[in-house]
Amino acid sequence: MSETNASADSRVTGENARRILRRDPNPHLFRPITFRSVTVRNRIMLSPMCQYSAQDGTPNDWHFTHLGARATGGAGIVCTEAVHVAPRGRITAHDLGLWNDAQRDALARIAGFVARQGAVPAIQLGHAGRKASVGRPWEGTRPVPPSDGGWTTVGPSALAYADGWPIPTALDSAGIQAELDALAQATRRAFEAGFKIVELHAAHGYLIHQFYSPLSNDRRDSYGGSFDNRIRFLVESLDAMRSEWPADLPLFVRLSISDWVEGGWTAEDSVRLCKLLKARGDVDLIDSSSGGNDPRQQIPIHPGYQVPFARQIRTETGLATGAVGLINAPDLAESIIANGDADLVLLGRGLLADPHWPLKAATMLKAQNVVWPVQYERSNIF
Ligand SMILES: Cc1cc2nc3c(=O)[nH]c(=O)nc-3n(C[C@H](O)[C@H](O)[C@H](O)COP(=O)(O)O)c2cc1C
């Protein structure tokens with residue numbers, strides 16, 4: 001697939017789609033799917049979205065309400081925002097973390113509620129690397145220095161994200177091992193908290209992406225240089241997670257399929273990586289995002305703009321994929337699943353704007369297997 005702005009909805013409807021629909025009364029978007037031992041009621045996943053509202057990495061009523069509402073709203077999978085494995089891995093000082101038991105127990109309350117609404121609770125684990133220690137979006141997303149309550153950032157190499165950003169400390173082998181250990185411990189706590197899907201955040205210019213992209217990694221050791229060396233930290237991250245995550249539970253990976261920058265990581269690199277992951281057999285879905293590692297990126301944004309990436313990974317590697325990015329119209333979401341472009345659609349801002357998007361989409365698409373929460377039954381007026 002080339003990185004053009006190929007329209008994702010070019011194959012939306014037509015007799016073929018209608019014929020398939022006639023054989024099964026339910027639209028593809030509302031057909032269940034099973035990953036290992038976990039069955040999801042539909043193909044809609046809440047995309048991870050930082051709320052920048054935690055204290056000491058611990059979730060509170062905001063997170064409970066935010067995630068709980070998307071579960072009562074009918075999403076199949078409700079994923080947390082990026083939950084960071086170590087304090088220095090947080091994007092902002094107000095992000096969620098999972099390096100202690102108090103954080104685990106507060107997350108467990110949310111995961112339990114989400115599961116009782118019939119949604120699958122998922123957690124995204126991450127580390128921001130050189131993009132850590134910034135202010136919240138509504139405070140300007142600027143780097144916050146240690147003198148102002150921030151901290152020293154780390155990365156694969158001493159290369160700043162952009163002009164005016166701090167130069168991170170390049171991780172030595174002990175530092176890399178410490179991050180892998182933190183990831184394993186966070187994965188263990190995620191399981192103890194009751195999450196059924198864990199997603200590794202390896203996209204958007206955060207630590208793992210910084211390792212695999214040649215734009216942010218100029219190491220000369222076994223973690224830099226060749227393709228195999230640059231993906232080593234990602235592969236070791238998966239090993240660390242699988243050492244604590246049961247074999248019967250799914251593991252997703254969010255990748256930036258392309259850097260969208262000349263000389264950067266490409267979709268072809270992602271295909272090569274995903275073929276390797278497919279052969280390893282420990283990853284269940286590639287959440288196909290892009291960009292975030294270099295401010296020079298040029299992304300042609302339009303509805304479904306990253307769907308071609310999900311399609312390419314799915315077709316060329318045989319791995320299941322999730323499509324994300326401006327999938328706000330139920331028809332578009334339905335066509336992505338019906339066309340075989342992806343196995344799931346992830347909605348971010350669409351579900352922020354309307355937690356009941358899945359229930360409304362079910363009505364629009366005439367799904368027959370969807371029930372509103374009994375408390376809300378009388379509101380089914382769409
Ligand atoms: C407020 C906000 C916070 C986000 N935080 C995360 C995050 O924690 N992890 C992540 O992988 N992506 C994050 N994203 C990206 C979204 O998950 C999603 O990929 C992106 O918004 C595109 O999807 P959409 O057009 O449906 O919003 C965030 C997006 C928004 C708007």
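The values are calculated or read from the model by the stated rules, or taken from the named source; none is laboratory data. Predicted model only: the values in this text are computed from it and were never measured. Every residue, glycine as well, gets a Cβ built from its backbone with ideal geometry; the counts of neighbours run over all protein chains shown. Only protein heavy atoms, including side chains, enter the accessible area calculation; ligands, DNA and RNA are left aside. Shrake-Rupley method; radii C 1.70, N 1.55, O 1.52, S 1.80 Å.
For every residue, the table says whether it meets (1) open to solvent by 10 Å² or more (accessible area, probe 1.4 Å); (2) under 20 Å from the mean Cα position of the chain (by Cα); (3) within 12 Å of the ligand (Cβ to nearest atom).
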site	(1), (2), (3)
Ala69	yes, yes, no
Ile77	no, yes, no
Val83	no, yes, yes
Leu98	no, yes, no
Phe113	yes, no, no
Ala122	no, yes, yes
Thr141	yes, no, yes
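I'd like the residue in the range 300-328 that is open to solvent by less than 10 Å² (accessible area, probe 1.4 Å) and of a type in the set (Val, Ile, Thr) and, out of all such residues, is farthest from the ligand (Cβ to nearest atom). Result: Ile313. Criterion applied to Leu255, Leu251, Leu234 was being without any contact (Cβ under 8 Å) to a residue 40 or more places away in the chain, open to solvent by less than 10 Å² (accessible area, probe 1.4 Å) and within 17 Å of Lys275 (Cα to Cα), and the one residue passing it is Leu234. When Ala158, Ala122, Ala174 are checked against the criterion of being assigned to a helix (DSSP H, G or I) and modelled with pLDDT of 95 or more, a single residue qualifies: Ala174. Residues in the range 124-139 that are open to solvent by 20 Å² or more (accessible area, probe 1.4 Å) and more than 13 Å from the ligand (Cβ to nearest atom): Glu139 only. Within the range 100-110, the residues that satisfy the criterion of being closer than 20 Å to Trp62 by Cβ and surrounded by fewer than 24 Cβ atoms within 10 Å (Cβ to Cβ) are Asn100, Ala102, Gln103, Arg104, Asp105, Ala106, Ala108, Arg109. Test Trp99 against the criterion of being on the phi < 0 side of the Ramachandran plot, without any contact (Cβ under 8 Å) to a residue 40 or more places away in the chain and among the aromatic types (Phe, Trp, Tyr), and give yes or no. Here the answer is no, as Trp99 does not meet what is asked.
Taking the criterion of being within 12 Å of the ligand (Cβ to nearest atom), of a type in the set (A, V, I, L, M) and closer than 17 Å to Met45 by Cβ, would at least one residue in the range 339-346 satisfy it? Yes, the range 339-346 has at least one match. Scanning the range 235-256 for residues that are assigned to a helix (DSSP H, G or I) and either more than 16 Å from Ala186 (Cβ to Cβ) or at pLDDT below 95 (or both) yields a single hit, Val235. Apart from one condition, Asp221 fits all of (1) farther than 16 Å from Ser289 by Cα; (2) touching a His at 6+ places or on another chain (Cβ under 9 Å); the exception is (2). Taking each residue of the range 181-201 that is over 13 Å from His127 (Cβ atoms) and of a type outside the set (A, V, I, L, M) and looking for partners that are part of a helix (DSSP H, G or I) and modelled with pLDDT of 95 or more with beta-carbon atoms closer than 6 Å, six or more apart or interchain, yields Arg189/Arg104; Glu192/Arg104; Gly194/Ala108; Gly194/Ala111; Gly194/Gly112; Phe195/Ala111.
The residue of the range 347-364 that is surrounded by the most Cβ atoms within 10 Å (Cβ to Cβ), among those that are under 11 Å from Ile44 (Cβ atoms) and in contact (Cβ under 8 Å) with a residue 40 or more places away in the chain, is Pro358.
Has the range 150-164 got at least one residue that is under 18 Å from Ala86 (Cβ atoms), polar (S, T, N, Q) and open to solvent by 10 Å² or more (accessible area, probe 1.4 Å)?
yes
Among all residues of the range 286-299, there is at least one that is under 18 Å from the mean Cα position of the chain (by Cα) and away from the ligand (no atom under 11 Å from the Cβ).
Here Ala367, Ala333 are screened, and the one residue that is touching a Phe, Trp or Tyr at 6+ places or on another chain (Cβ under 6 Å) and open to solvent by less than 80 Å² (accessible area, probe 1.4 Å) is Ala367.
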